[in-house]
Amino acid sequence: MMIDEKYMKEILERFLRYVQIDTQSDEESKSSPSTEKQKELGRLLVKELQDLGISDAEMDEWGYVYGTLDANTKSGDKVLTIGLLAHMDTYFGVKGGQVKPNVIENYDGNDIVLPGDKTQVIRVQENPNLTRCIGHTIITSDGTTLLGADDKAGIAEIMTVLSYLKDHKDFLHPRVRVGFTTDEEVGRGVEHFNVQKFGADFAYTVDGGELGEIEDETFCADSATVEIIGLDVHPGYAKGKMVNAVRAASMLVEALPKNALPETTEGREPYLHPYQIQGDVSKTVIKFLVRAFTSEELKGLERVLEERAKDVGNAFSGLRVAIKVEESYKNMKEKLDEDPRVVDFALEAARMAQIEPKRKAIRGGTDGARLCFMGLLTPNLFAGGQNFHSVHEWVSLEWMVKSVEMLLCLLKVWTMKGAR
Ligand SMILES: [Zn+2]
């Protein structure tokens with residue numbers, strides 16, 4: 001192990017301190033940040049960054065915290081800037097305040113009964129990763145709230161990296177920009193993120209799950225709306241006249257490929273998901289989510305939808321069918337491939353830290369994916385937490401330590417190999 005007991009203790013203390021501050025975001029709120037209380041953690045982090053010698057540490061009006069650690073290499077203007085990002089807010093759907101962390105030392109491999117609600121049990125059967133953590137220090141909530149390892153594990157890890165670098169001036173590193181963001185959980189995590197001002201050449205979100213995970217792919221996502229216009233007539237006198245948009249809509253939904261639905265797909269398989277239907281005889285609107293890992297597959301599914309909609313249009317004389325497709329986000333791999341170093345160096349850093357890297361494709365989107373298309377290539381790295389968005393959330397302290405080691409190795413790889 002690269003880092004010693006001192007930092008292990010530090011990560012734990014930081015983590016426990018951060019999770020006890022309520023930073024739940026709010027889906028309904030229109031303000032930024034969506035909840036003012038997120039700034040409470042932001043203010044603490046600014047102070048702690050300053051204590052670590054990050055003199056430009058600041059929180060902006062949106063609650064984002066930024067800070068810079070200057071490079072200590074001698075390569076002058078060739079030196080790159082690497083961004084490390086984590087989000088301060090926690091999931092809105094499960095109670096996130098008054099977290100009482102439960103620290104289990106030397107975990108014995110059994111099911112974990114949570115102390116605040118004994119009906120809540122983290123079962124080994126449902127959490128096979130627990131068997132990889134026997135002997136570790138495991139942290140959970142008391143079973144009545146979230147833990148908030150998503151993503152305060154990431155914050156504690158990044159802060160400990162800075163602390164390690166403060167103590168080890170001989171450890172060469174590039175310029176490091178740190179960013180702690182708000183409102184990730186409500187999908188607004190980079191709404192006010194200023195890529196220009198952040199000024200990193202490449203960045204990483206430290207917001208993934210199990211040891212070794214490196215996420216470099218997300219879905220390509222579109223949404224489609226099908227509008228079906230029929231003709232309503234008094235049903236007693238409708239023969240040969242009524243054009244029923246309700247029947248047409250149900251025919252369309254029934255005609256969709258059954259092997260490309262969310263409930264019938266996994267892994268890298270694409271889907272076409274009718275998730276809302278609204279209307280009556282004269283007008284029905286169906287909303288779809290279209291998801292795939294490649295643009296070709298995405299367009300392919302959209303063509304299928306168009307063809308089926310056309311068939312339905314032809315099956316009812318006098319019916320009008322219109323489709324509108326809108327882009328939501330794209331697979332970040334399209335962008336990450338533009339400079340393979342950003343993922344390759346992460347893989348190399350994992351191996352250097354004696355971690356088996358595991359590349360993963362996310363069946364969803366991430367803030368990093370949006371940053372990629374805003375001009376900052378940002379894959380996602382593991383932070384060590386499991387069961388995100390649940391009162392069964394848990395994290396291994398040893399995995400958090402491995403994250404710190406991997407981040408340090410990552411800075412080392414960029415110092416050795418990353419030049420403009
Ligand atoms: Zn997260």
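The values are calculated or read from the model by the stated rules, or taken from the named source; none is laboratory data. In this text, all values refer to a predicted model and were calculated from it rather than measured experimentally. Counting neighbours? That spans all protein chains shown, and the Cβs are built from the backbone with ideal geometry, glycine included. Please note that ligands, DNA and RNA were not included when accessible areas were found on the heavy atoms of the full protein model with its side chains. Shrake-Rupley method; radii C 1.70, N 1.55, O 1.52, S 1.80 Å.
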Taking only C-alpha pairs under 8 Å that are 6+ residues apart, what is the relative contact order of the range 200-302 in percent? 33 percent
Report the rotationally averaged projected area of the range 293-415 based on its alpha-carbon convex hull, in square nanometres. 11.2 nm²
With an 8 Å cut-off on Cα pairs and a minimum separation of 6 or more residues, tell me the relative contact order of the chain in percent. 23 percent
At a threshold of 8 angstrom on Cα-Cα distance, excluding pairs fewer than six apart, so keeping six or more, what relative contact order does the range 1-103 reach in percent? 33 percent
Excluding residues on the same chain fewer than 8 positions from Lys9, give the lysines whose Cα lies under 23 Å from its Cα. Lys47, Lys100, Lys152, Lys166, Lys169, Lys402
Here the equivalent ellipsoid of the chain, derived from its Cα gyration tensor, has semi-axes (largest first, whole Å) of 45, 25, 20
Nearest 10, in degrees from 0 to 90: the angle of helix 38-51 to the longest Cα principal axis of the chain is 30 degrees
Report, in degrees rounded to the nearest 10, the 0 to 90 angle that the Cα long axis of helix 5-19 makes with the longest principal axis of the chain. 40 degrees
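If you take the Cα atoms of the range 8-151, find Rg, then find the Kirkwood Rh from the mean of 1/r over all pairs, what is Rg/Rh? Before the final figure, lay out the partial values.
Numbers: Rg = 18.5 Å, Rh = 17.6 Å.
Dividing the radius of gyration by the Kirkwood radius yields 1.05.
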Using 0.36 nm per residue of separation minus the Cα-Cα distance, give me the extension gain between Asn314 and Lys169 in nm, one decimal. 44.9 nm
For Lys239 and Asp337, FRET efficiency with R0 = 41 Å and r from the beta-carbon atoms, rounded to 0.05? 0.10
Normalised convex hull volume, the range 283-350, alpha-carbon set, Å³ per residue: 96 Å³
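Average the reciprocal distances over every distinct pair of alpha-carbons in the range 231-283, invert the result, and give the Kirkwood radius in Å. Before the final figure, lay out the partial values.
On the way: mean 1/r = 0.0758 Å⁻¹.
With all distinct Cα pairs of the range 231-283 included, I get 13.2 Å.
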With every protein chain kept in place and a 1.4 Å probe, the range 257-371 has an accessible area per residue in Å² of 56 Å²
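Pop the C-beta distance of Glu36 and Asn106 into the FRET formula with R0 = 25 Å and round what comes out to the nearest 0.05.
E between Glu36 and Asn106, to the nearest 0.05, is 0.05.
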How about the range 314-420: which GluC sites (Glu not before Pro) there lie in a loop by DSSP and see at most 14 other Cβ atoms within 10 Å? Glu338
To the nearest 10 degrees, how steep is helix 397-417 against the longest Cα principal axis of the chain, on a 0 to 90 scale? 80 degrees
Provide Rg over Rh for the range 77-180; use the alpha carbon set for both Rg and the Kirkwood Rh (inverse mean inverse pair distance). 1.09
Asp201, Asp167, reordered so the largest accessible area comes first (probe 1.4 Å): Asp167, Asp201
Counting only protein heavy atoms and a 1.4 Å probe, tell me what percentage of the range 243-389's accessible area is made up of carbon and sulfur. 48 percent
